[in-house]
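Have a look at the structure below before the remarks.
The values are calculated or read from the model by the stated rules, or taken from the named source; none is laboratory data. Bear in mind the structure is a predicted one, so any value in this text is a computation, not a measurement. Positions of Cβ are backbone-derived with ideal geometry, glycine not excepted, and every protein chain shown enters the neighbour counts.
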Amino acid sequence: MTGVPVLHEIVNPATEQVVGTVELTEAAEVDAAIARSKKAFAGWRAISPGDRARLLRRFADAVDADLENLAQLEVSNSGHTIGNARWEAGNARDVIAYYSAAPERLIGQQIPVADGIDLTFHEPLGVIGVIVPWNFPMPIASWGFAPALAAGNTVVLKPAELTPQTALRIAELALAAGIPVDVLQVLPGKGSVVGQRFVEHPDVAKIVFTGSTEVGRQIMAGCAARIKPVTLELGGKSANVVFADSDLELAAASAPSAVFDNAGQDCCARSRILVERGVYDRFMQLLETAVQQLVVGDPRDEKAEMGPLISGAQRDRVASYVTDERIVAFRGSAPSGPGFWFPPTVLAPTELTDRVLHEEIFGPVVAVVPFEDEADAVRIANDSAFGLSGSIWTRDLARAIRVSRAIESGNLSVNSHSSVRYWTPFGGYKSSGLGRELGPDAPFAFTETKNVFISTKG
Ligand code: NDP
């Protein structure tokens, strides 16, 4: 420890103004926090299921009471539209409330055996390290910490360097609600310091990581060296497949929000649109109207549908994918002046090998390509290293089921672009991840199953 705090400036992406500073946690303090977490684990796991449930319900209520403050913090720290930010704070509240029911439902089995009884128990793992990206700071944090806490674990959480403010506030709310000291600690800092220490430290029992596939791969390798369990939620390049027999008006009107929501900084963004050739031209006309109607601007404005990108570096990265004007079909609008703005952009690549169809751009850029028939649609949809989400538009129910089963992806929606629901499982195929978050089984992913045989022989 140097003794001199290292401060990081928090920048509002819509204005480029500094809106605060945060102290970055150094390696020695990470170790101290993990030691405190380990100590707190003994007490937290011993709290009766009913009392742990009650504390989590109070925590959810505290988040609810602070919802508008949390949302405003996210608007100024992350540039999220106020409508989205309120949804995100509400999502964190609901996730905590949903898993508050879990302590009383971590039910084991009684398995028939000879000469005794056999029981299984779901034992908490210990200290869980949760590493969060900048794109959805509140929801993604809660998807990790809420089921982990419910199963009796303690949590050390690293928010993204760019977006620590709401996680820090949520930790304060947990304390105020009565969650014991050190059960949920938020440690802002660098991935290469705090995140890496979570992976390396022998007292961190499991890692939950959401972020880029590249860093996820490094984290998995680090965990493998220590036989440490890991859940990975990584990138995506999801397909929005539009058949000629679909409600084309609805498919086109909903396509922009499915990819441009959160300025495209969404692992589930439907960033490839596959359209049956016979209706391609009509779809593009309808899509152009919808993109031009998208309200891009000051995220504090209640009418804003899209805000800025998170940083200048991210804007440069996104812009590097839009250098060939020949494949730009059309663009929407974006403010000029300060802020990391990028207009919603629709590309029509001519080659299926174009990198805009394969790499995660993580910005408001979508690529549209035609397909010939059902088999061709499935082939193009699956021609990706990723497999996180996707949508299928058709009025033919049998086809909807066939194509849903054929696309290699963890989360599909038919005639809709359903967002992640906390009470259904979420996760990816292929390079999109490992394991599942959310849904009724999530707390079990934070436990070891213990089998105990008790002899009844006299
Ligand atoms: P990263 O994967 O680098 O960051 C995600 C989180 O991991 C952050 O908290 C980061 O910390 C931390 N981290 C970084 N390096 C390490 C490490 N060696 N050990 C442990 N933790 C680490 O994503 P970026 O922010 O750099 O975004 C780059 C691209 O990744 C995006 O453009 C997008 O394509 C993809 N991405 C995908 C996301 C998704 O939801 N699937 C979310 C975010 C990004 P720090 O903040 O200090 O960097």
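Worth pointing out:
- Exactly one residue out of S78, S100, S48 is among the polar types (S, T, N, Q), surrounded by fewer than 19 Cβ atoms within 10 Å (Cβ to Cβ) and at negative phi, and it is S48.
- In the range 340-364, the residues that are under 17 Å from G235 (Cβ atoms) form Cβ pairs under 6 Å with partners that are small (G, A, S) and in a helix (DSSP H, G or I), at six or more places apart or across chains, as follows: G363/G264; P364/A263; P364/G264.
- Whenever a residue of the range 222-249 is in contact (Cβ under 8 Å) with a residue 40 or more places away in the chain and under 25 Å from F145 (Cβ atoms), its partners that are away from the ligand (no atom under 13 Å from the Cβ) and among the charged types (D, E, K, R), lying with C-beta atoms within less than 6 angstrom and at least six residues away or across chains, give the pairs P229/K206.
- The set of residues in the range 251-283 that are acidic (D, E) and away from the ligand (no atom under 16 Å from the Cβ) comprises E276, D281.
- Considering the range 385-402, and only residues there that are assigned to a helix (DSSP H, G or I) and among the basic types (K, R), the residue that is nearest to F426 (Cα to Cα) turns out to be R402.
- Per-region count, the range 270-294, residues in contact with a strand residue (DSSP E or B) (Cβ under 7 Å, 6 or more places away or on another chain) and either in a loop (DSSP other than H, G, I, E, B) or not basic (K, R) (or both): 13
- Among the residues making up the range 146-167, those that are within 14 Å of the ligand (Cβ to nearest atom) and either under 21 Å from P425 (Cα atoms) or hydrophobic (A, V, I, L, M, F, W, C) (or both) are V156, L157, A160, L162, A167.
- Output for the range 230-250, where each listed residue is polar (S, T, N, Q), part of a strand (DSSP E or B) and away from the ligand (no atom under 15 Å from the Cβ): N240
- Of the candidates R436, R421, the single residue that is modelled with pLDDT of 95 or more, buried (at least 17 other Cβ atoms within 10 Å of the Cβ) and among the basic types (K, R) is R436.
- Candidates Q185, Q218, filtered to the one that is of a type outside the set (S, T, Y), assigned to a helix (DSSP H, G or I) and over 30 Å from T394 (Cβ atoms): Q218
- Pair list, Cβ < 9 Å and 6+ apart or interchain, from the range 120-137 residues that are crowded, with 24+ Cβ neighbours inside 10 Å to residues that are among the basic types (K, R) and modelled with pLDDT under 95: none
- Per-region count, the range 407-454, residues among the aromatic types (F, W, Y) and farther than 22 Å from A224 by Cα: 4
- Pick from the range 142-182, criterion in a helix (DSSP H, G or I) and without any contact (Cβ under 8 Å) to a residue 60 or more places away in the chain, ranking: farthest from R54 (Cα to Cα): A167
- Selection count where residues are of a type in the set (D, E, K, R) and either buried (at least 16 other Cβ atoms within 10 Å of the Cβ) or touching a Phe, Trp or Tyr at 6+ places or on another chain (Cβ under 6 Å) (or both), scope the range 5-44: 4
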